[in-house]
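Taking it in order: structure first as structure tokens, then the write-up.
Where a number appears in this text, it was derived from the coordinates with a stated rule and is not lab data. Since this is a predicted model, take the numbers as computed values, not measurements. Using ideal geometry, Cβ is built from the backbone for each residue, glycine included, and neighbour counts are taken over all protein chains shown.
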Amino acid sequence: MNKKWNGGKNNGISQLAECSNFYAARNFQPIWYQGPPISNGLKATNLAMNQFTRMIRDNGFRRVPKAKIDYRIPFPITSSTIRGETAFRQTGVPLSFIINPTQLDRVEVNNVVLAGSMFHAWLHRAGFQDPKTTSYFISEAPMCVMRGNQRKTPSLPDTALYQFFD
């Protein structure tokens, strides 16, 4: 946030945007988006964060149905931790998601993994889609969160992270 804020000018680039821009190569636009084509992870991150601000505001001011957090074991059983249905519109979207309680007892599911998984679910709520693979914005941005916005390393392959996405 401090890098984005840039001393009050609000023209900086966040660490998340830098990381997403470096790794994301596809699907930069939510389903509902109708503006000029988004060509990189930086622009996609800025659009996603603006959409999150709108969604949080709309949820906070009760302009949308109440957000719900459901706990449900998926069928068939998967390794995903948090699932969000993809929204097909920009407005009127609650921040609801489903948590897979069977995953919460796993040692490797820590707060950072949960934050990345929730970010992925909320990107679905913001209208982004993915085929659960790398290079897609909706996978790369949450993996950046899970890695602390650090570069990828062979010791932590993408599959170790996106197994927790829905």
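Values computed for the structure shown
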| item | result |
| --- | --- |
| Computed [θ] at 222 nm, deg cm²/dmol, the chain (DSSP H ≥ 4; -39,500 (n - 2.57); rounded to nearest 500) | -11500 deg cm²/dmol |
| Label-point gap, in nm, between Y71 and S155 - each point 7 angstrom along Cα→Cβ | 3.4 |
| Sorted by Cβ neighbour density within 10 Å, fewest at the top, the residues K68, K4 | K68, K4 |
| Semi-axis lengths, Å, the stretch 43-122, gyration tensor of Cα atoms, sqrt of 5 times eigenvalues | 25, 15, 11 |
| Rounded Å value of the spacing that divides the Cα centres of the stretch 111-162 and the stretch 37-77 | 15 |
| Sorted largest first, extent of the chain alpha carbons per principal axis (Å) | 44, 43, 28 |
| Rounded FRET efficiency, nearest 0.05, which uses the C-beta distance separating A25 from R106 and R0 of 45 Å | 0.90 |
| Percent RCO, i.e. relative contact order, over the stretch 20-162, from Cα pairs under 8 Å lying at least 6 residues apart | 29 |
